[in-house]
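Undergrad: The structure under discussion is supplied below as structure tokens; questions concerning it will follow.
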Amino acid sequence: MHILTVIAILFYMLSAAAYFAFLFIQKNYLHRSAYTALATGFVCHTAAIVYAFAATGQMPVGNLRETLSIAGWAVAGVFLAVQYRFKLKILGIFAAPLVVLLMAVVSLLPAGSAQNATIFKNFWLIAHVAAIFIGEAAFALACGLGVLYLLQENTIKTKKHRFFFKRLPSLDLLDSAGYACIVTGFTLLTVGLVTGFVYARSVWGHFWSWDPKEVWSAVTWIFYAVLLHERLTVGWRGRRSAIMAIIGFAVLLFTFLGVNLLLKGHHGGFTRW
Amino acid sequence: MPEIVLIGINHKTAPVEVRECIAFSESDATAALQALHRQPDIREVLLLSTCNRVEVLLVTDNKPGAIERTKDFIAGYNKIDRSRFENSLYIHEGDAAVRHVFKVASSLDSMIIGEPQILGQIKDAYRRAASLKTTGVILNRLLHRTFFVAKRIRTETGIGDRAVSISYAAVELGRKIFGTLEGKTILLVGAGEMAELAVEHLIRSRAGDIYVANRTFENAVALAKKFKGTALNFEEIADCLKFIDIVISSTGSPDFVITRSQVKSVIRIRRNRPIFFIDIAVPRDIDPAVNRLTNSYVYDIDDLQGIIDENMEDRTREAIKGHRIVDEAVINFRQWYDSLAVVPTIVALRNKIESIVEAEISRTLQAGQVSHADRWMLDKMGHSLVNKILHDPTVFLKKDGMAADKSAYIDTVRKLFKLDR
């Protein structure tokens, strides 16, 4: 494993630990150090990915290990952006451990060999992969925000204010940040699907080939489309929106990993190990 | 060496009937303070009088005398008998007095721990004393340390963080639901002190339009005028739930004023925007089943009281940290206070030795005639002896390194040379 990736993982771990400490001891310096550690880890991680890109001349998504590493990178990046925009200090308690988990799996997987080199130089494919990963990271955070929303809502409804009440932000903030994540995720997922179609057309001659990954991606897309539609028309918000964000992410995880591991298709190589 | 003494009475030691007899009003305070300062034995003095406490903080060289004079003064000024309040008085001296002042200012000694007003009251009392020049080196220093300690405790502990009144608890909850209360519309059903206080807090948090409903329309109009809101008929309540964000209810109605079905029917029209019911009435005005509807939250008086009790416990826990900070500050103050005694000790020591030398030279020279030049030589020698002998002890006493037990050394020196007669 590249030394930069190792450093990135160490910083991610440091960040997760600081976020945990922040949950219990609400001190601002803990949050600041956690955020800085995550940002530093992200920079190292970016450097590692750019290095891999430059060294091999292709996007490092050749096997499961590289794919998960990119996923972790995307989650870290999107979290940094969301945190910057919404100042949701507590979200780190979800995001940082998620990144650490992904990277832990990465470090356990064998390096393996990347698949055929030529296809990862295509512009449409790079756009496709980038959009999908960042979109999925946004959905992951929407799921985390949904969990936090349900926790805080439960605290308020049951009137037991012990632990979470003062540590979690307001319902409104959790809800609107979750919504913003879903809008971002959905936009990028759409971009990712469109670029994927264009690439498929240029390589295989047709947009759609009933590949399991394609079908499940469409299912995911429709799921989030319904969620957004309901929010805009009848005002699905709060609890229901939070639950849907969590279910949506489960569907997404299946599309991302389940399809590759359980079903077959032309995306199989990404999760080879 | 002057001593710090605090004589006081508070809500823990005396019932209100006694406290109100010896409280000094705003207008009395100036005259009382000046009168106190004119008393013999009182070098510096500060007078604090609030509805929960009356305290006299003073610096004196004659402790028993000053205490007696203060008691007499309180009795005389308020024209009551000493026996009526004497048993309720507490008297703290030295470190205990300093600790007490720190605790009072940090609101660790208040009826409601962490309430913020007391610090302001002490600041006012100090400002008055300083402008009348009844405080000096010691109290000035003490009060500045007090303000510092109080501020530190407020920022470093959670002593004042959580709401401990019904109306503040409601506002705090509203913030957790809505994020900001800015622009949120409010409906007040019925009237009542607590409900109106809650509305005032919400207005201060820049809430939006205010609607007032009451069974008696005139009352609604009067309250609406007070809050610059809109008066509603009682029958209009169900309809306006469509756009209200926060409902505060406090009526004498025996039945529910707002039912589950009424709220359920507006949820869709509200596009699921959250609605928060604060039910201060007994019997309750709002069907508790409303709390089970999505995005609607109901808190009744017991729920709010439960939150307050929890918050009180939190404050009590945080107060422990506050006591630790106070202890630290007391030690720091003691070190500064002791350093005051060093210089007088050195001066006294030097005076004593010099007077011995002078006396001995004079006695020796009485026997035979000595020329002026010789006498001058002897005096000079005496001086240098005193300087040489006292050089090391002086350096030692002035040295900062011994700061920790300075008072012990000073005490020893004073005893060894019998400087205190």
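The values are calculated or read from the model by the stated rules, or taken from the named source; none is laboratory data. As the structure is a prediction and not an experimental result, all values here were calculated from the model. Note that we place each Cβ from the backbone using ideal geometry, even for glycine, and neighbour counts take in every protein chain shown.
Undergrad: Taking the options B:A220, B:A289, B:A224, name whichever one is over 43 Å from the mean Cα position of the chain (by Cα) and either of a type in the set (G, A, S) or crowded, with 21+ Cβ neighbours inside 10 Å (or both).
TA: Working: B:A220 fails: over 43 Å from the mean Cα position of the chain (by Cα); B:A224 fails: over 43 Å from the mean Cα position of the chain (by Cα).
Unique residue meeting the criteria: B:A289.
Undergrad: When you look at B:L202, is it touching a residue at least 60 places away in the same chain (Cβ under 8 Å), out of contact with any Asp or Glu (no Cβ under 7 Å at 6 or more places or on another chain) and away from chain A (no Cβ under 14 Å), yes or no? Break it down stepwise before answering.
TA: Working: touching a residue at least 60 places away in the same chain (Cβ under 8 Å): no; out of contact with any Asp or Glu (no Cβ under 7 Å at 6 or more places or on another chain): yes; away from chain A (no Cβ under 14 Å): yes.
No: the conditions fail for B:L202.
Undergrad: Can I ask one more? Scan A:A54, A:A74 and give me the residue that is of a type outside the set (S, T, Y), buried (at least 19 other Cβ atoms within 10 Å of the Cβ) and not assigned by TED's automatic domain parsing to the domain that holds A:L253.
TA: Working: A:A54 fails: buried (at least 19 other Cβ atoms within 10 Å of the Cβ).
Result: A:A74 is the single residue among A:A54, A:A74 that is of a type outside the set (S, T, Y), buried (at least 19 other Cβ atoms within 10 Å of the Cβ) and not assigned by TED's automatic domain parsing to the domain that holds A:L253.
Undergrad: Residues that are within 11 Å of chain A (Cβ to nearest Cβ), hydrophobic (A, V, I, L, M, F, W, C), closer than 30 Å to B:I113 by Cα and touching a Ser or Thr at 6+ places or on another chain (Cβ under 9 Å): does segment B:284-302 have at least one?
TA: Looking for residues that are within 11 Å of chain A (Cβ to nearest Cβ), hydrophobic (A, V, I, L, M, F, W, C), closer than 30 Å to B:I113 by Cα and touching a Ser or Thr at 6+ places or on another chain (Cβ under 9 Å), one finds none in segment B:284-302, hence no.
Undergrad: Okay, moving on. Among residues belonging to segment B:250-283 that are of a type in the set (A, V, I, L, M) and within 24 Å of B:G306 (Cβ to Cβ), point out the one that is nearest to the other protein chains (Cβ to nearest Cβ). Full working, then the answer.
TA: As a first pass, look at segment B:250-283 and keep what is of a type in the set (A, V, I, L, M): B:257-258, B:263, B:266-267, B:269, B:275, B:278, B:280-282.
Narrowing further to those that are within 24 Å of B:G306 (Cβ to Cβ): B:257-258, B:263, B:275, B:278, B:280-282.
Details: B:V257: 21, B:I258: 18, B:V263: 14, B:I275: 11, B:I278: 13, B:I280: 15, B:A281: 18, B:V282: 17 Å.
Here the residue is B:I275.
Undergrad: Please list, ordered by first then second residue, the pairs with beta carbon atoms under 7 Å, 6 or more apart or interchain, first in segment B:377-391 and farther than 13 Å from B:L365 by Cβ, second part of a helix (DSSP H, G or I) and β-branched (V, I, T).
TA: Pairs that qualify, where the first residue is farther than 13 Å from B:L365 by Cβ and the partner is part of a helix (DSSP H, G or I) and β-branched (V, I, T), are B:L385/B:V357; B:V386/B:I353; B:V386/B:V357; B:I389/B:I353; B:L390/B:I353.
Undergrad: Just for segment A:32-43: of the residues that are under 18 Å from the mean Cα position of the chain (by Cα) and without any contact (Cβ under 8 Å) to a residue 60 or more places away in the chain, which one is surrounded by the most Cβ atoms within 10 Å (Cβ to Cβ)? Before the answer, list the steps.
TA: Filtering segment A:32-43 for residues under 18 Å from the mean Cα position of the chain (by Cα) gives A:35, A:38-39, A:41-43.
Filter once more, so that each one left must be without any contact (Cβ under 8 Å) to a residue 60 or more places away in the chain: A:35, A:39, A:41-43.
Numbers: A:Y35: 21, A:A39: 18, A:G41: 28, A:F42: 22, A:V43: 15.
Among residues in segment A:32-43 that are under 18 Å from the mean Cα position of the chain (by Cα) and without any contact (Cβ under 8 Å) to a residue 60 or more places away in the chain, the one surrounded by the most Cβ atoms within 10 Å (Cβ to Cβ) is A:G41.
Undergrad: Return yes when A:G178 is under 22 Å from the mean Cα position of the chain (by Cα), part of a helix (DSSP H, G or I) and within 14 Å of chain B (Cβ to nearest Cβ) and no when it is not.
TA: yes
Undergrad: Which residues, taken from segment A:49-88, are more than 15 Å from the chain's Cα centre (by Cα) and at pLDDT 90 or above?
TA: Of everything in segment A:49-88, nothing turns out to be more than 15 Å from the chain's Cα centre (by Cα) and at pLDDT 90 or above.
Undergrad: Next question. On the given criteria, is B:K242 in a loop (DSSP other than H, G, I, E, B), basic (K, R) and either under 17 Å from B:K184 (Cα atoms) or more than 14 Å from chain A (Cβ to nearest Cβ) (or both)? Steps first, answer last, please.
TA: Values: in a loop (DSSP other than H, G, I, E, B): yes; basic (K, R): yes; either under 17 Å from B:K184 (Cα atoms) or more than 14 Å from chain A (Cβ to nearest Cβ) (or both): yes.
The answer is yes for B:K242.
Undergrad: Just checking, does segment A:197-212 include any residue being acidic (D, E), closer than 23 Å to B:L181 by Cα and either within 20 Å of the chain's Cα centre (by Cα) or away from chain B (no Cβ under 14 Å) (or both)?
TA: Taking every residue of segment A:197-212 in turn, none turns out to be acidic (D, E), closer than 23 Å to B:L181 by Cα and either within 20 Å of the chain's Cα centre (by Cα) or away from chain B (no Cβ under 14 Å) (or both).
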